[in-house]
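The values are calculated or read from the model by the stated rules, or taken from the named source; none is laboratory data. Please read these numbers as outputs of a predicted model, since none were measured by experiment. Ideal geometry is used to build each Cβ from the backbone, glycine not excepted, and the neighbour counts take in all protein chains shown.
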Amino acid sequence: MSDSQRYVVVTGGSQGIGLATVQKLARYAQRTAPGYNIVIASRNQQVSAQAVAKIKADTPDAQIEAMPLDLSSFASVRQFAAAYKAKGYPLHVLINNAGGMIYGKQARFSSDGFELTLQTNHLGHFLLTNLLLDLLKESTPAHIVNVSSQTHIPGFGGGPPPHFDIDNLQAEKYYDARVFYKTVKLITMWFSYEMQRRCTSSGVTSNAMCPGFVPQSIGERRTSPLSRFLYLQVLPRMPFARSLDQAATSLVYAATDPAMEGVGGKFIVDCKEKRSSDESYDEQKASKLWDLSWQWCGLH
Ligand SMILES: NC(=O)c1ccc[n+]([C@@H]2O[C@H](COP(=O)([O-])OP(=O)(O)OC[C@H]3O[C@@H](n4cnc5c(N)ncnc54)[C@H](OP(=O)(O)O)[C@@H]3O)[C@@H](O)[C@H]2O)c1
């Protein structure tokens, strides 16, 4: 290991946009100094091992490994953070990418008792980031990138807007998978901006990004032939769609581009800063969410 190596953790780096990002970082590392030492943090270790093998085949010198992380379990997040620290690695870039919509008519809950969209996309990353924050602060300049979605902006992409109701975060009143997804991505924006406010002058920056609509990663998970055809053959040709490579380019830009050095509290789309929803700039809600998340994750 070279001292000049930069260490990157990518949650959900085993598939979809996360994997495309890891591939790009690995190739990029071959051409530039310092290179990247990449850790894929994902649930399924078999899929992660396949991802590592694929990258090694493509980029033999890649410094890459996989470590188990299930964001829907606070115990697993704590184990990951402890195991990462035990390796003695620094941490220069944390990409909180894993997650997505949890399809279904009924809400599902984690073993910790939280609605699964909320825990996988937000609470797991909130805990992970706070457990690794001391390491990020020791490794400055360091960057946190949180993968959100433009669908948190009312009117974007159609369908019902996000609806943040503190008394319905556990689906006490109703459950709608799309509304919960958009709401959790709004929460990701609050987390990202609030983290930046709390990290001012620490040398750690926190930004949010949206990879755009990437039908390929959605289609890979579909089982119905019609749906697969739609997502893998038809939608990728639409002008509003982004390829895995375009999504990864934007994510790598937000996480590593020299233009992002010292830049925090932004929302990045297609490698450019974009205004997020009006509600995402509500500092009171962001602060309240931070305190609740801190309490729910059992942080002290
Ligand atoms: N695709 C789009 O159009 C789009 C648009 C806007 C935003 N996004 C966001 O982009 C991110 C990546 O999406 P994607 O389309 O690439 O999704 P994807 O292909 O389904 O990949 C998701 C990744 O997250 C991992 N993951 C899921 N649940 C996990 C958990 N509980 N613990 C640890 N890892 C977990 C998966 O690993 P396993 O193998 O363990 O399942 C997989 O590596 C998500 O945050 C999504 O919301 C996507």
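Just a few scattered comments:
- Residue in segment 95-120 that is nearest to VAL10 (Cα to Cα), counting only those that are in contact with an Asp or Glu (Cβ under 7 Å, 6 or more places away or on another chain) and away from the ligand (no atom under 11 Å from the Cβ): PHE109
For (1) touching a strand residue (DSSP E or B) at 6+ places or on another chain (Cβ under 6 Å); (2) within 18 Å of ASN130 (Cβ to Cβ); (3) more than 14 Å from the ligand (Cβ to nearest atom), each residue gets a yes or a no:
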position	(1), (2), (3)
GLN45	yes, no, no
VAL52	yes, no, no
LYS56	no, no, yes
ASP61	no, no, yes
PRO90	yes, yes, yes
VAL93	yes, yes, yes
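- Residues satisfying the stated conditions in segment 137-169, i.e. within 20 Å of SER293 (Cα to Cα) and among the hydrophobic types (A, V, I, L, M, F, W, C): ILE144, VAL145, VAL147, PHE164, ILE166, LEU169
- Qualifying positions in segment 145-163 - in contact with a helix residue (DSSP H, G or I) (Cβ under 6 Å, 6 or more places away or on another chain) and surrounded by 19 or more Cβ atoms within 10 Å (Cβ to Cβ): VAL145, ASN146, SER148, SER149, THR151, HIS152, PRO162
- Residues satisfying the stated conditions in segment 256-280, i.e. in contact with a His (Cβ under 8 Å, 6 or more places away or on another chain), more than 16 Å from GLY212 (Cα to Cα) and small (Gly, Ala, Ser): SER280
- Selection within segment 164-184: residues that are within 16 Å of the ligand (Cβ to nearest atom) and aliphatic (A, V, I, L, M). The member of this set that is surrounded by the fewest Cβ atoms within 10 Å (Cβ to Cβ) is ALA177.
- The set of residues in segment 253-272 being in contact with a Ser or Thr (Cβ under 6 Å, 6 or more places away or on another chain) and either assigned to a strand (DSSP E or B) or surrounded by 17 or more Cβ atoms within 10 Å (Cβ to Cβ) (or both) consists of GLY264, PHE267.
- Look at segment 63-82: where a residue is more than 27 Å from SER4 (Cα to Cα) and a partner is of a type in the set (D, E, K, R) and near the ligand (Cβ under 8 Å from one of its atoms), sitting 6+ places away or on another chain with Cβ atoms under 7 Å, you get ASP70/ARG43; SER76/ASP70.
- Close contacts from segment 113-127, counting a first residue that is within 11 Å of VAL184 (Cα to Cα) and a second that is of a type in the set (Lys, Arg) and within 10 Å of the ligand (Cβ to nearest atom), with Cβ to Cβ under 8 Å and a gap of 6+ residues or different chains, come to ASN121/LYS185.
- Number of the condition not met by SER201 [criteria: (1) within 23 Å of GLY124 (Cα to Cα); (2) hydroxyl-bearing (Ser, Thr, Tyr); (3) away from the ligand (no atom under 12 Å from the Cβ)]: (1)
- Taken over segment 173-201, residues that are at pLDDT below 95 and of a type in the set (Phe, Trp, Tyr) amount to 0.
- Residue in segment 70-80 that is more than 30 Å from ASP278 (Cβ to Cβ), among the aliphatic types (A, V, I, L, M) and within 14 Å of the ligand (Cβ to nearest atom) present: yes
- PHE126 vs. criteria under 14 Å from the mean Cα position of the chain (by Cα), more than 10 Å from the ligand (Cβ to nearest atom) and buried (at least 19 other Cβ atoms within 10 Å of the Cβ): yes
- Close pairs (8 angstrom Cβ cut-off, 6 or more residues apart or separate chains): under 24 Å from TYR193 (Cα atoms) in segment 204-226, crowded, with 22+ Cβ neighbours inside 10 Å and at pLDDT below 95 anywhere: none
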